Amino acid sequence: MNPSTTRPYDGLTPDTVLDAVEAAGFRVDGRQLALNSYENRVYQVGLDEDGGGPLGDARFLVAKFYRPNRWSDAQILEEHAFTTDLAGREIPVIAPLAIDGRTLHHHATFRFALYPRRGGRAPELEDPSVLEWMGRFIARIHAVGETQPFVHRPELGIEDFGVASRDYLLANGFIPPDLLEAWRGAADLAIEGARAAFERTPDASRLRLHGDCHAGNVLWTPQGPHFVDFDDARTGPAVQDLWMLLSGDRESMGAQLRHVLAGYEDFREFDDRELRLVEALRTLRLMHYSAWIARRWDDPAFPMAFPWFNTQRYWQDRVLELKEQVAAMQEPPIVPAR
């Protein structure tokens, strides 16, 4: 099992959170609510009536404390610059607050950023008009994303999401001995299939992405979507920010894709050849997800949030899942229903 015993958030007490926000120039009133986040720690913090800082009379803000040793300062600031640029172009993303010209702050041993609080609900992705709306705004994000590259943030690729995930799980003894051969064989075939898909699509776009654009990272309001949590922003193909909006069988995904692309192509042309990558990207995400939980298993929040992880049943299901993905990558790509 993972030999690490590091508990990265042991020192992040409620008092530390409030002290950090006050050190950034706000006056807090003691209210604090932990929001749904595992990779980082995110809190809604109540402010005194006049708030202080650049929010004026706002009553709440959101404080995001970054997981130590995941991203460098340069990588975090590159994400902040991207979202700030998007917000400046009236694209509905939640960008960090700049306080005295800085968006990344330090307190005790932690790095954090502060955001305005925005409400909203999950988007209704079964509604064609919502899918078109989402497509339009993702295209606008991509139109900005392709104007310049990330310098410090990595690229979404097979080595990081596939090979490194497989190797970590094997090296740290997470796979049960009786499933080791079956899982390793399925993982190897899955990586081979993903590599073949990328080789068949050598001209896929490479641009700055949201990177984790699923419904949980979208707040829907009467005015449309707000995109949140660019923590996984990377360089990659445009289709990465589209495929996670699709669900169901191939027919259903084809119908959903038609509506997403109808909105997307109002603002940016989409290269249909990238659809060859959908199942490869899904495969890489599935492998990365298992390794992500494994890498965080010494964080007490993870065993509580994912009690089913690392059970015999979990790994049996992963073997079957990878085999299904190997087959899916050999099928013709999903296409927009006409």
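Read-outs: derived from the displayed coordinates by stated rules, not from any lab. These numbers come from a predicted model, not from an experiment. Virtual Cβ from ideal backbone geometry, glycine too; neighbours counted across all protein chains shown.
With N set to the number of residues, divide the alpha-carbon radius of gyration of the stretch 31-175 by 2.2 N^0.38 Å and report two decimals.
This ratio for the stretch 31-175 stands at 1.25.
Find how much the distance from Ala196 to Arg27 grows on full extension, using 0.36 nm per residue of separation minus their present alpha carbon separation; answer in nm with one decimal.
55.3 nm
Specify the inter-centroid distance of the stretch 185-228 and the stretch 73-121, based on alpha-carbon positions, in whole Å.
Here the answer is 22 Å between Cα centres.
Evaluate the charge dipole of the chain about its Cα centre and quote only its size in Debye, nearest 20, assuming +1 on the Cβ of each Lys and Arg and -1 on the Cβ of each Asp and Glu.
Once rounded to the nearest 20, the dipole reads 220 debye.
Which order, highest average first, do 90-96, 68-74, 148-154 follow once you tally other Cβ atoms within 10 Å for each residue and take the mean per peptide?
In decreasing order of mean packing, 90-96, 68-74, 148-154 become 90-96, 148-154, 68-74.
Of the peptides 21-27, 130-136, 172-178, how do they stack up when ordered by the mean number of other Cβ atoms within 10 Å, highest first?
Going by the mean number of other Cβ atoms within 10 Å, highest first, we get 130-136, 21-27, 172-178.
Summing -39500 (n - 2.57) over the DSSP H runs of n ≥ 4 in the chain and dividing by its residue number, what mean residue ellipticity at 222 nm do you reach, to the nearest 500 deg cm²/dmol? Intermediate values should be presented prior to the final figure.
On the way: 10 runs with 132 residues, N = 338.
My calculation for the chain gives -12500 deg cm²/dmol from helical runs alone.
Please give the contour-minus-distance gain from Asp272 to Arg250: 0.36 nm per residue of separation, less the Cα-Cα distance, rounded to one decimal in nm.
Here the answer is 6.3 nm.
Taking a ≥ b ≥ c as the square roots of the Cα gyration tensor eigenvalues, with a/c under 1.5 meaning rounded and otherwise prolate when a/b beats b/c, else oblate, which class fits the stretch 128-329? Each step should come with its number before you reach the end.
Numbers: a/c = 1.78, a/b = 1.60, b/c = 1.11.
Cα axes put the stretch 128-329 in the prolate bin.
I need the peptides 183-193, 324-334 ranked by packing, meaning the mean over residues of other C-beta atoms within 10 angstrom, with the highest value on top.
Packing proxy ranking, top to bottom: 183-193, 324-334.
Mind sorting Lys64, Lys323 by how few other Cβ atoms lie within 10 Å of their own Cβ, fewest first? Present the calculation step by step, with values, prior to reporting the outcome.
Values: Lys64 19, Lys323 15.
The fewest-first ordering by Cβ neighbours comes to Lys323, Lys64.
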